[in-house]
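Peer 1: Quick one: structure below, then a few questions.
FYI, it's all coordinate maths here, none of it is from the lab. For clarity, every value in this text was computed on a predicted model and none was experimentally measured. With ideal geometry, Cβ positions are generated from the backbone for all residues, glycine too; neighbour counts draw on all protein chains shown.
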Amino acid sequence: KAGVTQTPRYLIKTRGQQVTLSCSPISGHRSVSWYQQTPGQGLQFLFEYFSETQRNKGNFPGRFSGRQFSNSRSEMSVSTLELGDSALYLCASSSGQGASGELFFGEGSRLTVL
Amino acid sequence: AQSVTQLDSQVPVFEEAPVELRCNYSSSVSVYLFWYVQYPNQGLQLLLKYLSGSTLVKGINGFEAEFNKSQTSFHLRKPSVHISDTAEYFCAVTGDAGGTSYGKLTFGQGTILTVHP
């Protein structure tokens, strides 16, 4: 069974640009969550999608957005990039049935903003 | 609101020695607790989880953790560590808080475990 796949693994952008990251969940999983990991703030929850609907979101500005497609694949975008957006962005999938479900994480997309 | 405190940012230990990584949490609802491990340049892998039932939980790679409700703790232990256990370990909490729980884990700041030969 294939795991969670994130693309691209590494990317470099400059301030003011926009970026889109992709996540393919484990087959059969309908929930996709996104997290930002930085040395200073640690792991922070961005948002969660289930069956193409955002069910939950964290405390991030509107520059951070996401969507989910009918095949459960998800994308997240960050517009008007700032230096502080440099981070490892992790995607996780689960069955989405209740809070106790295990999250399976991908290897992440490492974004560097110059 | 929920929060997690990992009491040690770094834990050095010699190979074959026992180790305990400490985690305390706070939550206003019933909790589910997790320990994840992250190796360099990789994502998070689940070590073990507490959902209900027995307070002693066994996980992969010989790790175990004990849920202590009165002390709001969920410490991770291994009786004998290996060089390959060198990684960063994260304690996380979620709970049945309706829509605000979906897909959301609250993580501690992590503990870097370094196993020396």
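Peer 1: Could you sort B:85-94, A:20-29 so that the peptide with the highest average Cβ count within 10 Å comes first and the rest follow in order?
Peer 2: B:85-94, A:20-29
Peer 1: Estimate the FRET efficiency between B:Leu46 and A:Gln18 by the formula 1/(1 + (r/R0)^6), using the beta-carbon distance for r and 30 Å for R0, to the nearest 0.05.
Peer 2: 0.40
Peer 1: Can you tell me, using C-alpha contacts under 8 Å and at least 6 residues apart, the relative contact order of chain A as a whole percent?
Peer 2: 36 percent
Peer 1: Right, another one. Take peptide A:48-60, look around each residue's Cβ out to 10 angstrom, count Cβ atoms belonging to other protein chains, and average those counts.
Peer 2: Mean shielding count: 2.
Peer 1: How big is Rg to Rh over the protein assembly as shown, alpha-carbon atoms, Rh as the Kirkwood inverse-mean-distance radius?
Peer 2: With Rg and the Kirkwood Rh in hand, the quotient comes to 0.97.
Peer 1: Can I ask one more? What's the average, rounded to a whole number, of partner chain beta-carbon atoms within 10 Å of each residue's beta-carbon in B:27-40?
Peer 2: 2
Peer 1: What does the average come to when, for each residue of peptide B:43-50, you count the partner chain Cβ atoms lying within 10 Å of its Cβ?
Peer 2: The shielding value for this peptide is 4.
Peer 1: Can you list, largest first and rounded to whole Å, the semi-axes you get for segment A:53-114 by taking the square root of 5 times each eigenvalue of its Cα gyration tensor?
Peer 2: Over the Cα atoms of segment A:53-114, the semi-axes work out to 23, 14, 11 Å.
Peer 1: While we're on this one: With an 8 Å Cα cut-off and a minimum separation of 6 or more residues, compute the relative contact order for segment A:24-73 in percent.
Peer 2: Result for segment A:24-73 is 34 percent.
Peer 1: Ranked from highest to lowest mean number of other Cβ atoms within 10 Å per residue, what is the order of the peptides B:4-11, A:45-52?
Peer 2: A:45-52, B:4-11
Peer 1: Can you count the Lys pairs in the protein assembly as shown with C-alpha separation below 20 Å, eight or more apart or on different chains?
Peer 2: 7
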